[in-house]
Amino acid sequence: FVAALLLQALVWGINADKIVDADTPAAEVPQNEDATESSSSGWSWSEILESRQPIIANGNIWPAPPNESPLDCLILVTRNQYMWHCPSGNETSYERTILHRGNPGKFRGAFMALGSDVDNEDGKGRRMWLLDSPTKQFDELLELDTVTGEILQSLAINESIDGHDAIRVGNRAFIVDTRHGDIIEIGIPPSAHPYTESSIRAGAEVLEEENFVNIVKRHTGFTRADHINNIAIHPNLIISNLHGKGAMNPKITQGDPSPTRLSALDRSIPEDQGRELTMDHDGFQSVQNVGTWCHGIAFWEDKKSSQIKLISLDSKSGTAVSVVLVGPNTGTREVLWTPDEDHPVLQPPEGVARAYNNGAKVFSKGLAVQGGVAYFGVSYARAPPLRTTVPESLLVAVDLETKKELWVRVVRSNGIINQILTRSYFGDVQLPAEMSSVELTHHGGGGKLVDYCEDIVVEDKEVSDHYEKLCKLAYEDPLHCHKPNARQLCCACRGGKRSQKPLLAGKLDREIMKIKEIVNATATFVPHRQCRDNNGLAKRLPLEMKTKSKLPTITDIDRDLNYIVKHLCNVNVEPIQKLVSKIGDKGFTNEYQHDKKNAVITDRQVMDKFKPGCDAITLVFSSKHADKVYHFPWLDEWLPMIQELILEPLGIPLNKILRMQLASMPRGSDIRFHRDTNAWVRSAHRTHIPIITHSDVFFLAEMKHQRVKDNAILRIKSNAGEVYEFNNAKGHAVHNVGPSRVHLIIDWVEEDLYNEEEGEVEKLVTLRPSEVCTHPKGFNELQCGGYDLKTKDSSQKEKNNPRTEEL
């Protein structure tokens with residue numbers, strides 16, 4: 001492969017000493033500032049592909065690097081997220097994390113920055129440039145620190161609007177300016193401190209105008225009506241996927257009729273003479289039989305059939321297809337994968353779907369091909385302004401040789417998947433110290449109104465049934481719209497009853513309609529069983545974010561999510577479920593526990609005020625100042641199971657546990673909005689382990705305060721066994737509108753509270769069977785010593801009890 005790169009270096013005009021090894025990502029391979037002259041023999045697909053000159057797309061490198069693996073991790077670019085996603089695993093359990101989340105955002109591509117590792121190897125793969133396409137503004141490049149997730153600088157791309165793709169080759173990047181039909185070649189900008197000088201030495205260009213990238217050349221030849229989507233960079237050509245005028249708004253009249261096609265520009269043609277390559281002038285034949293509104297450019301060699309194929313997406317039908325470009329049966333098109341339109345994720349909100357009558361039900365976008373496997377995104381079809389509201393997408397993997405589906409994953413994409421980038425393209429990326437497995441879904445509700453349509457129902461039942469069938473047929477085939485009254489009655493024919501309603505974009509949106517609060521987003525978790533960090537310690541949120549100085553800075557769900565909730569891992573809770581189910585709701589009452597020899601706490605004013613109807617089995621409790629720990633009698637029975645299934649995997653020893661309880665919320669119970677404020681809160685990590693739960697439980701966290709106008713509310717939705725830490729110094733509430741819900745809640749500290757082996761147990765108190773305690777307002781410690789539940793304040797009745805004096 002190195003020899004091949006050396007040969008390519010001669011063709012591209014590359015200095016051979018700049019080629020290091022076969023692991024060099026394709027985007028790092030530099031090239032001449034001016035492309036070489038066109039091929040004298042014409043640009044047939046055979047000339048383009050069989051020459052083995054490198055062609056670089058964000059989701060595919062041709063020819064495929066020999067060290068490329070189908071299991072190399074990918075970067076998914078959604079409307080507002082950059083997601084690190086690894087193919088290894090199965091449909092539900094895999095490695096992923098969020099590199100950056102922006103809201104609002106319209107992300108369309110990315111490439112690695114230059115020179116962050118020139119002076120310091122620790123900087124390797126730490127800086128990335130993101131293409132953002134803000135509404136009605138110039139496109140921007142945002143510099144991302146991949147470790148912290150922070151945006152370090154923002155640079156405008158002058159006169160570029162609605163950017164759809166960004167490809168880096170060497171020290172150049174090519175930006176798709178879809179609005180004007182141009183591909184803009186720019187110099188790679190210098191990185192922010194501390195990598196500014198090193199990036200310049202590596203080939204980044206000092207900015208000629210502050211806050212704007214340097215434009216080297218506009219490659220012209222297409223129009224707005226062509227609607228450029230993706231590009232692939234050849235040493236002499238820019239290969240382009242064009243939607244075509246048929247996919248554009250009817251108001252756009254620029255240019256001649258434009259079919260969906262894969263076409264190209266000659267990079268050597270002067271800017272003012274740019275034109276699309278043709279058969280007559282260049283020996284080039286565009287590919288026009290992929291489908292409609294195609295996305296993705298990838299080339300793959302089928303060695304069994306001696307063919308080189310284009311792999312792309314027929315987006316309007318949601319399918320993945322191949323077209324033979326070189327070899328036997330040139331031009332043959334084959335469908336590789338067809339969506340199951342009944343999949344729950346592909347079901348759009350019905351009324352909104354009827355208002356969007358372009359004939360598309362499913363939409364495929366975002367394609368990568370590596371190691372002989374195609375990865376692509378599929379969602380239900382949405383008009384462009386509503387694509388950010390698609391809560392979930394399917395990520396599909398298909399083996400190109402066998403044409404078999406390997407897996408289909410549901411990804412909380414929070415908008416459609418726009419691009420999928422391969423490791424062969426972007427190289428190594430430095431990741432955060434810990435991989436987040438929290439996925440965030442923004443809700444379209446909360447007052448957001450969208451176009452809605454209902455087919456008009458006539459009063460006469462027989463006539464009504466006829467038109468109902470007609471409207472269903474029209475949604476399948478627009479030709480039925482020519483039948484009488486269809487254009488007046490049927491949404492699919494641009495008729496029907498039009499209105500605006502709050503958007504319900506998916507299952508999670510429909511769930512939150514059951515409660516009165518306006519929920520802005522829902523956090524869910526990707527299952528995994530890696531419970532400890534890289535040092536073998538319990539994973540945790542930073543305690544400093546619970547302090548009075550830091551807590552007010554947590555105000556934004558997207559930016560501050562990692563300070564609010566952290567998914568730790570998944571554990572097996574089935575044995576605990578069985579034990580909890582056995583004792584039932586009655587087992588959580590003080591009367592039952594007292595009768596069965598557990599100690600209990602009565603007259604808890606906070607519980608009565610903020611958690612009416614809720615009960616708990618207390619196993620460990622603490623004083624308000626965290627200077628005393630109480631072990632309850634039932635701890636002996638429950639501890640072996642909890643230790644094996646939960647504490648050991650998490651890496652939490654018993655002598656660090658400040659509080660531990662099984663908290664029950666019977667049907668209809670509420671925990672009202674409150675903050676945990678005592679001294680122990682700031683020193684402890686609040687860990688939830690759902691034991692029994694369901695989709696009608698609503699755990700809510702507020703960013704500011706419910707009385708503040710711009711407050712935002714996050715729902716944390718968890719399944720049984722999904723362990724997470726929550727910052728309980730933030731305001732939170734829980735509503736249960738379904739059956740009973742039980743969580744094991746553990747509050748643990750980072751330093752040992754006591755050491756039984758060394759006899760250091762002055763902070764530890766072991767309560768006696770059936771002992772009754774209270775925790776009156778103003779008291780730091782529990783007041784214990786009584787044994788009569790009927791006595792309202794046992795601590796006052798038993799003033800002289802030696803047990804009370806001990807506390």
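The values are calculated or read from the model by the stated rules, or taken from the named source; none is laboratory data. Just so it is clear, the structure is predicted and the values come from calculations on it, not from any experiment. Cβ placement follows ideal geometry from the backbone for every residue including glycine, while neighbour counts extend to all protein chains displayed. The area values use the complete protein model at the heavy-atom level, side chains included, leaving out ligands, DNA and RNA. Shrake-Rupley method; radii C 1.70, N 1.55, O 1.52, S 1.80 Å.
Before moving on, here are some points about what is shown:
- Residue among 102, 42, 13 that is open to solvent by less than 20 Å² (accessible area, probe 1.4 Å), closer than 24 Å to residue 283 by Cβ and modelled with pLDDT under 95: 42
- So residue 441, is it of a type in the set (Ser, Thr, Tyr) and at pLDDT 90 or above: no
- No other residue among 187, 181, 203 is small (Gly, Ala, Ser), farther than 27 Å from residue 101 by Cα and out of contact with any Ser or Thr (no Cβ under 7 Å at 6 or more places or on another chain) apart from 203.
- Hey, residue 672 of a type in the set (D, E, K, R) and farther than 19 Å from residue 753 by Cβ or not: yes
- Subset of region 383-416 [within 21 Å of residue 558 (Cβ to Cβ) and part of a loop (DSSP other than H, G, I, E, B)]: 390, 391, 392, 412, 413, 414, 415, 416
- The single condition among (1) open to solvent by less than 30 Å² (accessible area, probe 1.4 Å); (2) assigned to a loop (DSSP other than H, G, I, E, B); (3) without any contact (Cβ under 8 Å) to a residue 40 or more places away in the chain that residue 184 does not meet is (2).
- Taking the criterion of being open to solvent by 20 Å² or more (accessible area, probe 1.4 Å), under 20 Å from residue 455 (Cβ atoms) and either outside any loop (DSSP other than H, G, I, E, B) or at pLDDT 95 or above (or both), the residues of region 329-354 that qualify are 350, 354.
- Residue 720 open to solvent by 30 Å² or more (accessible area, probe 1.4 Å), modelled with pLDDT of 95 or more and aliphatic (A, V, I, L, M): yes
- Every residue from region 499-529 that is open to solvent by 30 Å² or more (accessible area, probe 1.4 Å), modelled with pLDDT of 85 or more and either more than 22 Å from residue 101 (Cα to Cα) or of a type in the set (D, E, K, R) (or both): 513, 514, 516, 517, 529
- When residue 267 is tested against (1) in contact with a Ser or Thr (Cβ under 6 Å, 6 or more places away or on another chain); (2) charged (D, E, K, R); (3) at pLDDT 95 or above, just one condition goes unmet, and that condition is (1).
- Matching residues, region 530-541, being surrounded by 13 or more Cβ atoms within 10 Å (Cβ to Cβ) and either closer than 12 Å to residue 565 by Cα or of a type in the set (A, V, I, L, M) (or both): 538, 539, 540, 541
- Considered as a group, the residues in region 555-568 that are modelled with pLDDT of 95 or more and hydrophobic (A, V, I, L, M, F, W, C) include one that is surrounded by the most Cβ atoms within 10 Å (Cβ to Cβ), and that residue is 568.
- Residue match in region 134-156 (condition: touching a Ser or Thr at 6+ places or on another chain (Cβ under 8 Å), small (Gly, Ala, Ser) and over 15 Å from residue 426 (Cα atoms)): no
- Region 681-695, subset open to solvent by less than 40 Å² (accessible area, probe 1.4 Å) and of a type in the set (A, V, I, L, M), residue nearest to residue 724 (Cα to Cα): 689
- Number of positions in region 134-167 that are open to solvent by less than 10 Å² (accessible area, probe 1.4 Å), within 24 Å of the chain's Cα centre (by Cα) and not acidic (Asp, Glu): 6
- Of all residue pairs spaced 6 or more apart or on separate chains, those with beta-carbon atoms under 6 Å, a first member in region 643-670 that is open to solvent by less than 40 Å² (accessible area, probe 1.4 Å) and a second member that is of a type in the set (Lys, Arg) are 651/532; 665/741.
- The criterion of at least 2 residues that are more than 36 Å from the chain's Cα centre (by Cα) is met by the following helices (runs of 4 or more DSSP H) wholly inside region 511-625: 574-583, 590-595, 605-610.
- Only a single criterion out of (1) of a type in the set (D, E, K, R); (2) at pLDDT below 80; (3) open to solvent by less than 20 Å² (accessible area, probe 1.4 Å) is not satisfied by residue 37, namely (3).
- Selection count where residues are among the hydroxyl-bearing types (Ser, Thr, Tyr) and open to solvent by 10 Å² or more (accessible area, probe 1.4 Å), scope region 56-87: 1
- With respect to the stated conditions, residue 91 is assigned to a loop (DSSP other than H, G, I, E, B), open to solvent by 10 Å² or more (accessible area, probe 1.4 Å), within 30 Å of residue 301 (Cα to Cα) and in contact with a Lys or Arg (Cβ under 6 Å, 6 or more places away or on another chain).
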